[in-house]
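Q: Have a look at this one.
The values are calculated or read from the model by the stated rules, or taken from the named source; none is laboratory data. Keep in mind it's a predicted model, so treat the numbers as computed, not measured. Reconstructed Cβ throughout: ideal geometry from the backbone, glycine too, with neighbour counts over all protein chains shown.
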Amino acid sequence: MSGNLPGGKAVLEGLMQDAQLTVGEIRRRMARCYGDREVVTLQEAPARSTRATYAEVAERVERLGRVLERLGVQRGERVGTFGWNSQRHFELYLAIPSFGAVLHTINIRLFPEQIEYIVGHAENRVVFIDDSLAPQLAKLARRFSRVEHFVVMGDADDGGLPNVSRYEDLLKEADAGPYDWPEVDERQAAALCYTSGTTGNPKGVLYSHRSVSLHSTAVCMTDAVGLSREDRVVAVVPMFHVNAWGLPFAAAMTGAGLIMPNRFVAAAPLARAIADERATLVAGVPTVLGDLLRHADAQKPDFSSLRGGICGGAAVPRTLMEGFERHGVRLLQAWGMTETSPLCTVARAPEEAEGEAHWAKRVTQGRIMPWVELRIADDDGRHREWDGEATGEIEVHGPWIASRYYEDPSGDTQFTEDGWLRTGDIGSVTPDGFVQITDRAKDLIKSGGEWISSVAVEGELMEHESVLEAAVIAMPDERWTERPLACVVLADGAEADPIVLRKHLAGRMAGWQVPDVFAFIDEVPKTSVGKFDKKVLRKRLADGELETIGGKREKSDA
């Protein structure tokens, strides 16, 4: 007993044991209980796909502990990974946090300057990189003043990277047998992921061992993904983005098999992998799963093993969910963000809901997960009722929700004084806890599951000598959910067309961030205080009053 209650009565403590919730414990459980399960990594031809049992993975992870030690990695140090979804990346997911270092997954789709910033801000000294991505990173390597070791995963050319070691060579040189892993406190940092969902530099979200463990447990709940040893998961969602929604850790915890697409994320190889590997679950953003559905409708692959799918990163259209139902697959919508690890809600309709009542629940972002608290606040900070009608900015709080950004006080405004995360999403909540997002704050555009900052695009457009003003709004898109529409005011006497402006932007941001469609207007409407009034432009777009020029996004921009 310790402490006192009002009136002087002693607090009676529970008589439960204390145990640390760590990635190391997840790793040990995988090795002890699920050695027969396996991870499959897709290659160019199905016959060449690589596979390893979890027992084999565990043995390689023990060697990786010695590799990290040999490379001079220190406890708490951020170790970068620049790779696709693969067995090797999975091994790093387990080894780096178990070593007491921090797994820093680097988004391979970011613009070079953003990657340079992230690597520097995280102070990476060691970066593990897939050989197919080595030429891409080699162009930036000389800018990484702190990086001392590049470890290439694979046998292809290293693209001219300096200070290169080969992953498999390092493993072969390391002794086999159990490694003496350090004791790690559950509140220590385990993983780091940067988000570029706001203006300015990307911001780091630093996950703890405790948050990873609790989030993994939540993923396995029946009302969430329901992951178990009986599953074989096609993890399409990238491992460089929000820990692949926690699926690698959850799979290791429960013994679910993993099917890693590597760089083969097109519909045909994914459909073939589902059929050949008898996958039970697929996880990805609407853009990728939409392509998979169109392929399935045309080619009729064998999806009989699939029990379901999880989809997020952008609003999931009802037509997409209904399309998968035609193939006997229950596709569920989930919602979250990098700052929330990411799982906050999952849209499972109650069993008693039928017909339109069923779909009324399915098309929401879903019911909040246990341990996640959620509230909505109006513009004055007042908290609104859960009545399904009142709307406001969604704020969340919980054991796997960020409390602040890593070494970046500029993001403090995203957190309330009492420690809740402002998500930037506007929505309502029903009395039984189903969240419906109706709008977005800060004019962000979510395309194919990735955020695009309209302000950033506007700034780059207005750097062009022919552009006087530019306002960027979201334009509905069947494939990508949303794409940026650039509304441009040209300077007097100036001339420019979409081709010229796209070429201008191509040298300044990632291809998928560049607008496909433009509208040339006389002036950008403004509010009474001189700010761009984008709601007027949105209405003009909806009413068909904006004359747009452009077309579909090219595959090379993806």
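Q: Looking at R508, R502, R422, R440, which one is charged (D, E, K, R), in contact with a Phe, Trp or Tyr (Cβ under 8 Å, 6 or more places away or on another chain) and without any contact (Cβ under 8 Å) to a residue 60 or more places away in the chain?
A: After applying the criteria, what remains is R422.
Q: Could you check how many residues of region 132-148 are among the basic types (K, R) and either outside any helix (DSSP H, G or I) or farther than 15 Å from G120 by Cα (or both)?
A: Number satisfying all stated conditions: 2.
Q: Could you list all residues from region 513-533 that are under 30 Å from E113 (Cα atoms) and either crowded, with 19+ Cβ neighbours inside 10 Å or among the β-branched types (V, I, T) (or both)?
A: Q513, V514, P515, D516, V517, F518, A519, V524, F532
Q: Also, quick follow-up: Which residue pairs have Cβ atoms under 9 Å apart, sit 6 or more places apart or on different chains, and have a first residue in region 481-496 that is assigned by TED's automatic domain parsing to the domain that holds P525 and surrounded by 18 or more Cβ atoms within 10 Å (Cβ to Cβ) and a second that is in a strand (DSSP E or B) and polar (S, T, N, Q)?
A: T481/S447; E482/S447; R483/S447; P484/S447; L485/T548
Q: Just one of R362, R318 is at pLDDT 95 or above and of a type in the set (D, E, K, R); which is it?
A: One residue alone meets the criteria, R362.
Q: Condition test on G284, is it surrounded by 23 or more Cβ atoms within 10 Å (Cβ to Cβ) and out of contact with any Cys (no Cβ under 6 Å at 6 or more places or on another chain)?
A: Judged against the criteria, G284 is a match.
Q: Taking the condition modelled with pLDDT under 95, out of contact with any Ser or Thr (no Cβ under 9 Å at 6 or more places or on another chain) and assigned by TED's automatic domain parsing to the domain that holds S132, does R48 pass?
A: Yes, satisfied.
Q: Out of A256, A224, A266, report the one residue that is over 17 Å from L103 (Cα atoms), without any contact (Cβ under 8 Å) to a residue 60 or more places away in the chain and not polar (S, T, N, Q).
A: A266
Q: May I ask you to list the residues in region 110-126 that are more than 13 Å from G200 (Cα to Cα), in contact with a Ser or Thr (Cβ under 8 Å, 6 or more places away or on another chain) and buried (at least 18 other Cβ atoms within 10 Å of the Cβ)?
A: Once the filter is applied, which keeps residues that are more than 13 Å from G200 (Cα to Cα), in contact with a Ser or Thr (Cβ under 8 Å, 6 or more places away or on another chain) and buried (at least 18 other Cβ atoms within 10 Å of the Cβ), region 110-126 yields only L110.
Q: Which of the strands (runs of 3 or more DSSP E) found entirely inside region 422-535 contain at least 3 residues meeting this: touching an Asp or Glu at 6+ places or on another chain (Cβ under 6 Å) and either on the phi < 0 side of the Ramachandran plot or at pLDDT 85 or above (or both)? Can you show your working first?
A: On the way: elements: 434-440, 444-447, 450-453, 467-477, 481-490, 517-520.
Result: 444-447, 467-477.
Q: Do we find that I129 is surrounded by 23 or more Cβ atoms within 10 Å (Cβ to Cβ) and within 21 Å of N262 (Cα to Cα) in this structure? Walk me through it before giving the result.
A: On the way: surrounded by 23 or more Cβ atoms within 10 Å (Cβ to Cβ): yes; within 21 Å of N262 (Cα to Cα): yes.
Yes; evaluated as a whole, the condition is true for this residue.
Q: Could I ask something else about it? With respect to D291, is the statement that it is surrounded by fewer than 20 Cβ atoms within 10 Å (Cβ to Cβ) and in contact with a Leu (Cβ under 9 Å, 6 or more places away or on another chain) true?
A: Spelling it out, D291 is indeed surrounded by fewer than 20 Cβ atoms within 10 Å (Cβ to Cβ) and in contact with a Leu (Cβ under 9 Å, 6 or more places away or on another chain).
Q: Could you list, in sequence order, the residues of region 101-130 that are charged (D, E, K, R) and within 22 Å of the chain's Cα centre (by Cα)? Reasoning before the result, please.
A: The initial filter retains those residues of region 101-130 that are charged (D, E, K, R), namely 109, 113, 116, 123, 125, 130.
Across region 101-130, the qualifying residues are R109, E113, E116, E123, D130.
Q: So G200 passes all but one of these: (1) at negative phi; (2) in contact with a helix residue (DSSP H, G or I) (Cβ under 9 Å, 6 or more places away or on another chain). Which condition number does it fail?
A: Of (1) at negative phi; (2) in contact with a helix residue (DSSP H, G or I) (Cβ under 9 Å, 6 or more places away or on another chain), only one is false for G200: (1).
Q: Just name the residue that is surrounded by the most Cβ atoms within 10 Å (Cβ to Cβ) out of those in region 365-379 that are among the charged types (D, E, K, R) and modelled with pLDDT of 95 or more.
A: Top of the filtered list is R367.
Conditions tested, residue by residue: (1) modelled with pLDDT under 95; (2) farther than 17 Å from S86 by Cα.
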{"position": "S211", "(1), (2)": "no, yes"}
{"position": "A218", "(1), (2)": "no, yes"}
{"position": "A256", "(1), (2)": "no, no"}
{"position": "P261", "(1), (2)": "no, no"}
{"position": "A268", "(1), (2)": "no, yes"}
{"position": "L289", "(1), (2)": "yes, yes"}
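Q: If you don't mind, another one. Within region 71-79, identify whether any single residue is free of Cβ contacts under 8 Å to residues at least 60 places away in the same chain, out of contact with any Lys or Arg (no Cβ under 6 Å at 6 or more places or on another chain) and either buried (at least 24 other Cβ atoms within 10 Å of the Cβ) or assigned to a strand (DSSP E or B) (or both), and answer yes or no.
A: Looking through region 71-79, at least one residue is free of Cβ contacts under 8 Å to residues at least 60 places away in the same chain, out of contact with any Lys or Arg (no Cβ under 6 Å at 6 or more places or on another chain) and either buried (at least 24 other Cβ atoms within 10 Å of the Cβ) or assigned to a strand (DSSP E or B) (or both).
Q: Given the conditions (1) at pLDDT below 95; (2) over 21 Å from the mean Cα position of the chain (by Cα), which single one is not true for V151?
A: (1)
Q: Determine, yes or no, whether D175 is over 19 Å from the mean Cα position of the chain (by Cα), in the same structural domain as G65 (by TED's automatic domain parsing) and assigned to a loop (DSSP other than H, G, I, E, B).
A: It is true that D175 is over 19 Å from the mean Cα position of the chain (by Cα), in the same structural domain as G65 (by TED's automatic domain parsing) and assigned to a loop (DSSP other than H, G, I, E, B).
Q: Next up: With respect to G313, determine if the residue is at pLDDT 95 or above and out of contact with any Phe, Trp or Tyr (no Cβ under 8 Å at 6 or more places or on another chain).
A: Here the answer is no, as G313 does not meet what is asked.
Q: So which residues in region 20-45 are at pLDDT 95 or above, more than 13 Å from L94 (Cβ to Cβ) and either more than 24 Å from the chain's Cα centre (by Cα) or part of a helix (DSSP H, G or I) (or both), if there are any at all?
A: Listed by number, the residues that qualify are Q20, R32, C33, G35, D36, R37.
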